[in-house]
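Scroll down for the structure; my scribbles are underneath it.
The values are calculated or read from the model by the stated rules, or taken from the named source; none is laboratory data. Just so you know, these numbers come straight off a predicted model, no measurement behind them. Don't worry about glycine lacking a Cβ; one is built from the backbone with ideal geometry, like all the others, and counts go over all protein chains shown.
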Amino acid sequence: MTKITTHILDTSLGKPAAQVRVWLEKIDGQQGIRINEAHTDDDGRATALTPDGVAPGNYRLYADVGHYFAATGRETLYNLAIIDVIISASQAHYHLPILLSPYSYSTYRGS
């Protein structure tokens, strides 16, 4: 089984994005089946999304960045940051960081 984690960094402030609601869905055809939900900690990390791991397949990681920016009194273009990934059986861990600002976000395969 494979673990999926994330780390959200607010690049506009140069610090972690704490208390961002994130959730993971397994994509089955056109339907998403929610696996788990969490909030990022003070370091911007969510490490408990898949405590038992997940099977190979297509998954979507969602980050509720609209509420994060509203809570910090800032406008944003994006309501959600979404990462759509294919998880293979050959990897034990996928770390999916998000670099976030009010008008952009990017992601990469972390370690």
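On the basis of being part of a loop (DSSP other than H, G, I, E, B), surrounded by 15 or more Cβ atoms within 10 Å (Cβ to Cβ) and either under 10 Å from the mean Cα position of the chain (by Cα) or at positive phi (or both), does Leu61 make the cut?
No; evaluated as a whole, the condition is false for this residue.
Looking for something surrounded by fewer than 17 Cβ atoms within 10 Å (Cβ to Cβ), modelled with pLDDT of 95 or more and among the polar types (S, T, N, Q) - is there at least one such residue anywhere in region 69-78?
Checked against the condition, which is being surrounded by fewer than 17 Cβ atoms within 10 Å (Cβ to Cβ), modelled with pLDDT of 95 or more and among the polar types (S, T, N, Q), region 69-78 yields no hits at all.
Give the residue, chosen from Ile86, Ile33, that is assigned to a strand (DSSP E or B) and within 22 Å of Ser111 (Cβ to Cβ).
Ile86
Which one of Asp43, Asp64, Asp52 is of a type in the set (Asp, Glu) and farther than 25 Å from Ser104 by Cβ?
Asp52
Which of the residues that make up region 36-58 are closer than 14 Å to Ile4 by Cα, of a type outside the set (A, V, I, L, M, F, W, C) and outside any strand (DSSP E or B)?
Selection gives Thr40, Thr47, Thr50, Pro51, Asp52, Gly53, Pro56.
Would you check which residues across region 42-52 are modelled with pLDDT of 95 or more and either surrounded by 15 or more Cβ atoms within 10 Å (Cβ to Cβ) or not charged (D, E, K, R) (or both) and list them?
Gly44, Arg45, Ala46
Only one residue in Ala17, Ala55 is surrounded by 13 or more Cβ atoms within 10 Å (Cβ to Cβ), out of contact with any Lys or Arg (no Cβ under 7 Å at 6 or more places or on another chain) and among the small types (Gly, Ala, Ser), so which one is that?
Ala17
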